[in-house]
Every structure is written in C-alpha cells, then in structure tokens.
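Written below as structure tokens is the structure these notes are about.
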Amino acid sequence: MEKISKKLLNIALLGYGKMGKEIEQLALQAGHHIVLIIDNEKDWEQKGYNLDKVDVAIDFSLPKTAINNIKKCFDSNLPIVVGTTGWYADFEMVKTDCIENNQSLFYASNFSLGVNIFSAINQKLAEIMNHFPDYDLQLSETHHTQKLDAPSGTAISLAESILNQMERKKTWKLVKKDEKKQADMLPIKAYRIENVPGTHEILYQSDVDEIKIIHTAKSRKGFAKGALLAAEWLHNKKGVFNMTDLLAL
C-alpha cells in the first residue's frame, strides 16, 4: 500500500447524512478541517463559493445529486472522493470529463478495507469455481432501510467480478423471492432491514455441500475511515482512481 501523506486537509462534505456525520467526526479527530458542508441545492446557492477554500471533497449524497456535485468540483479544479452509488450509468461520461480536463476522481462502491479484501477473495473463489460446474451460486445483500439503490453498488461490483471469471454466467439480475432464473444468470437478492450497515453473502451450492463467504459491517465507521483515507491519498493526484489503486490489490 502506497504511503499516504498526513497533510492536514480542508475538506468539503457533500451530503450530511449519517455517513457525512461519521466522516466529519473522524476527520476532526485526525486534525483535518471541515470547511464546507453541502446537503442540498440551497446550500450550494448560499455556500458554494467556498469551494476555493477546499483541498478535497467527499461525497456521500444521493444518486440524483452525485453527478451535479462531481461536475461542480471539476469546474473548481477540486479533487472529489465519491462514496455515493447508483450513478454508475453515467460513469463513462464522468470518467472522460475527468481525464480530458485533468481532474481528480476517486470512486468506490464500498470504502471498507474488509469489503475490498472480501472482494479479492470473491474473485479468486469465482476463478476456482469456474472449473466446477456442479456448483451454482447466488449473491445476496442486506442494508438499512434508508439505502435507496438496490442491489447495492458493492453487490454489483461483486457480481461483475464473478462474471469476469465464470464462463457459465453471462449476466446478473436482481430477483424476487422464489423467482425462477436462467442457468446462465447470477441472481442477486436485496433485503432492507432497519439499522443494518451492510452484509454481503455469496453462496455456492452443489448436491453434496455448500460454500459460503460473508462480509458483515458492524458499523458505518469502517466506510468512513476508508473514505477519509482515500481523500488523504487523492490529494495532489490527477486521474480516475478506486480502492484497487489505493490498496494496490
């Protein structure tokens, strides 16, 4: 893992829900400064001019506002770390904009160190299971009821990693309980339960046994620590980056 500068940063929080408040607490404990908090369009109108006082922005807002927040940061030559998911349909457009205009974007469907280790295990397991067609699989994710997108960005990333390794699976699909599936489809089940930070489970089953890997977040703190680490790492870099770059997985 690349050594990260401990320069104290002036940070803008774009989105001030539970994740924004968690990041604020950790940032202040680390000696950083929260110089701007934007939680809605009115905040942009009243306080947006303060972007010129910021070293890096961290976005945990909503899918419908993330793109606008990214563009505003690019227009201000401000590096941005984006933890919001649900906007990836526009990712290629944002990536092109970032590269062509020499901007800085760090994005991740999940900033937890544990989840990224889990993702590496998932990829290796799918590579092995590609040779054993007797095993079928499914993926499930459970989150708090305030999470709007389903399946989660992390579940999609895990599914796409499996598809890259497993020849017999061609696509993933969000399925409902007892919904029939095609043999070449990877089903994803999504559950929303009060006060669940995030659980992801991948289950392989054959006629004789099953293999299951699970990651369970105990709190939002792990996500917040990862996002703050990404902000420290991104400072003074140009380009498009993710957790693989930060952790050199």
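What follows draws every value from the coordinates through simple rules; no lab data is involved. Please read all numbers here as calculations on a predicted model, not as lab measurements. Here the Cβ positions follow ideal geometry from the backbone for every residue, glycine too, while neighbour counts run over all protein chains shown.
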> Net charge near LEU228, counting Lys/Arg +1 and Asp/Glu -1 over other residues with Cβ under 11 Å of its Cβ?
Replying inline: -1
> Which shape class, rounded, prolate or oblate, goes with segment 57-201 when its Cα gyration tensor gives a ≥ b ≥ c as root eigenvalues, a/c under 1.5 marks rounded, and past that a/b bigger than b/c marks prolate?
Replying inline: prolate
>> On the Cα set of segment 144-249, report Rg and Dmax in Å, please.
In response: 16.6, 53
> For q = 0.15, 0.16, 0.17, 0.18 Å⁻¹, what log10 I(q)/I(0) does the chain give under the Debye formula with an equal point scatterer on each alpha carbon and no solvent?
Replying inline: -1.05, -1.16, -1.28, -1.39
>> What does the net charge come to around ILE67 if you take all other residues with beta carbon closer than 11 Å to its beta carbon, with K and R at +1 and D and E at -1?
In response: 0
>> What's the magnitude of the charge dipole for the chain around its Cα centre, counting Lys and Arg as +1 and Asp and Glu as -1 at the beta-carbon? Answer in Debye, nearest 20.
In response: 480
>> Charges on Cβ only, +1 for Lys and Arg, -1 for Asp and Glu, centred on the Cα centroid of segment 158-236; of ILE188, ILE211, ASN164, which one is farthest towards the dipole's positive end?
In response: ILE188
>> Using 0.36 nm times the number of residues separating GLN123 and LEU203, minus their current alpha carbon distance, what extension gain do you get?
In response: 27.5 nm
>> Output wanted: per-residue J couplings in Hz (rounded whole) for segment 38-48, from phi through Karplus 6.51 cos²θ - 1.76 cosθ + 1.60, θ = phi - 60°, x for Gly and Pro.
In response: 10, 10, 6, 5, 4, 4, 4, 5, 8, 10, x
>> Relative contact order for the chain: what percent, with Cα pairs under 8 Å and sequence separation of 6 or more?
In response: 23
> Once phi is turned into ³J(HN,Hα) by the Karplus curve 6.51 cos²θ - 1.76 cosθ + 1.60 with θ = phi - 60°, what whole-Hz value does each residue of segment 119-131 show in order, with x for glycine and proline?
Replying inline: 5, 5, 5, 4, 4, 5, 5, 5, 4, 5, 5, 4, 8
> Given H placed 1.01 Å from N in the peptide plane, which residues other than close sequence neighbours of PHE241 have an amide H under 5 Å from its amide H?
Replying inline: LEU105, PHE106, TYR107
> What pairs in LYS7/LYS212; LYS72/LYS225; LYS53/LYS95 have C-alpha atoms more than 30 Å from each other?
Replying inline: LYS7/LYS212
>> Let me spell out the model: positive unit charges on the Cβ of Lys and Arg, negative unit charges on the Cβ of Asp and Glu, origin at the Cα centre of segment 113-216. What dipole size does that give, in debye rounded to 20?
In response: 340
